[in-house]
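The block underneath contains the structure these notes are about, expressed in structure tokens.
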Amino acid sequence: MYKERKGLTTNMALANQLSGMFLVPASLLLVTLEIVLESYRVSAPKWTARLAIGNLFINISWAFLIFVMLMNPQLLQPHIAHFFSEIFQQSPEDLLGRVEWLFTILGIAAIIVMLIDAVSGFTNLRTGK
């Protein structure tokens, strides 16, 4: 997985492979847990402590996964910026900076929504919905 170039060892391929090896299965696992939790929620007459804790666990897991994605610079490949820079007729550096800000804002918004959903699960438990 390492490439030798003029005596320098690069581990970019390994980093990309590890990202894919972790992020894709983790995402699929969380989607599966969401489906199971939603099936349980629909069949339950009201929110239970087990349901609220499961909802909290899944939301924290998603927040962690999104945080890892946001902190991973390997997800935004430079050649993609060059491709889109030709389409939008902007410099790749400007476009890459905007995309990074967009990803950051969307990631933070998703984490906030997940925290609100986790709190609403316990609120529904307390009110008996």
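The values are calculated or read from the model by the stated rules, or taken from the named source; none is laboratory data. Keep in mind that this is a model prediction, so the values were computed, not measured. Neighbour counts run over all protein chains shown; Cβ positions are idealised from the backbone, glycine included.
Could you give me the residue pairs with C-beta distances under 8 Å whose first residue belongs to the stretch 115-128 and is surrounded by 13 or more Cβ atoms within 10 Å (Cβ to Cβ), whose second residue is among the aromatic types (Phe, Trp, Tyr) wherever it lies, and which are 6+ apart or on separate chains?
Short answer, once both residue conditions are applied: 121/47; 124/47; 125/47.
For the subset of the stretch 79-114 comprising residues that are of a type in the set (Val, Ile, Thr) and under 16 Å from the mean Cα position of the chain (by Cα), which member is surrounded by the most Cβ atoms within 10 Å (Cβ to Cβ)?
Among them, the one singled out is 111.
In the stretch 100-109, how many are at pLDDT below 90 and under 25 Å from residue 38 (Cβ atoms)?
3
Cβ-Cβ distance below 6 Å, separation of 6 or more or different chains: which pairs start in the stretch 8-33 with a residue that is modelled with pLDDT of 90 or more and end on one that is surrounded by fewer than 10 Cβ atoms within 10 Å (Cβ to Cβ)?
Hits for this filter: zero, empty list.
For residues that are assigned to a helix (DSSP H, G or I) and surrounded by fewer than 13 Cβ atoms within 10 Å (Cβ to Cβ), scanning just the stretch 39-71, find the one that is modelled with the lowest pLDDT.
71
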